[in-house]
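The values are calculated or read from the model by the stated rules, or taken from the named source; none is laboratory data. No experiment lies behind these values; they were computed from the predicted model shown. Cβ atoms come from the backbone with ideal geometry, glycine included; neighbour counts cover every protein chain shown. Note: accessible area is taken over every heavy atom of the protein model, side chains too, but ligands, DNA and RNA are not part of it. Shrake-Rupley method; radii C 1.70, N 1.55, O 1.52, S 1.80 Å.
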Amino acid sequence: MDTNDLQQLVGYLENHGLQVTVNEAEMRMRVTNPLNHRLTEEILALSDRYVTGFDYEIGVRGAEEECADHIARILAVGPFRTRRAAG
């Protein structure tokens, strides 16, 4: 995986309004919800996949937009769909 993939993911995350700090040398980033700084996730680029600091798989290289959507949902800023109450 190269840094272009990582930077593409950063761009998608920033489009969600998330704050991103990148360490390209270690292929890792810290992603934070700016409305609640306790909502933070560390994302690592390992081989051909993105994982959290707890080794939870986020997605694969080449699917950066979907990975950003997944991370945004984890950090409570993603596009949520709600069900309407019956009746």
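Any idea how many residues of the stretch 1-20 are outside any helix (DSSP H, G or I) and within 12 Å of the chain's Cα centre (by Cα)? Full working, then the answer.
Filtering the stretch 1-20 down to residues outside any helix (DSSP H, G or I) leaves 1-2, 16-20.
Checking the rest, the ones that are also within 12 Å of the chain's Cα centre (by Cα) come to 16-20.
Going through the stretch 1-20 one residue at a time, the tally reaches 5.
Looking at 48, 55, 5, which one is open to solvent by less than 60 Å² (accessible area, probe 1.4 Å) and at pLDDT below 95?
Values: 48 fails: open to solvent by less than 60 Å² (accessible area, probe 1.4 Å); 55 fails: open to solvent by less than 60 Å² (accessible area, probe 1.4 Å).
After ruling out the rest, the residue left standing is 5.
Within the stretch 46-74, how many residues are assigned to a strand (DSSP E or B) and not β-branched (Val, Ile, Thr)? First the steps, then the outcome.
Narrowing the stretch 46-74 to residues assigned to a strand (DSSP E or B): 46, 49-52, 57-60.
Applying the additional criterion that residues be not β-branched (Val, Ile, Thr) yields 46, 49-50, 57, 59.
Qualifying residue count, the stretch 46-74: 5.
Regarding the stretch 58-65, can at least one residue be identified that is in contact (Cβ under 8 Å) with a residue 40 or more places away in the chain and among the basic types (Lys, Arg)? Quick ask: steps written out before the conclusion?
At the first step, the residues of the stretch 58-65 found to be in contact (Cβ under 8 Å) with a residue 40 or more places away in the chain are 61-62, 64-65.
Then keep just the ones that are among the basic types (Lys, Arg); that gives 61.
Yes, the stretch 58-65 has at least one match.
Which of the residues that make up the stretch 21-45 are open to solvent by 30 Å² or more (accessible area, probe 1.4 Å), assigned to a strand (DSSP E or B), closer than 19 Å to residue 76 by Cβ and of a type in the set (A, V, I, L, M, F, W, C)?
Of everything in the stretch 21-45, just one residue is open to solvent by 30 Å² or more (accessible area, probe 1.4 Å), assigned to a strand (DSSP E or B), closer than 19 Å to residue 76 by Cβ and of a type in the set (A, V, I, L, M, F, W, C), namely 39.
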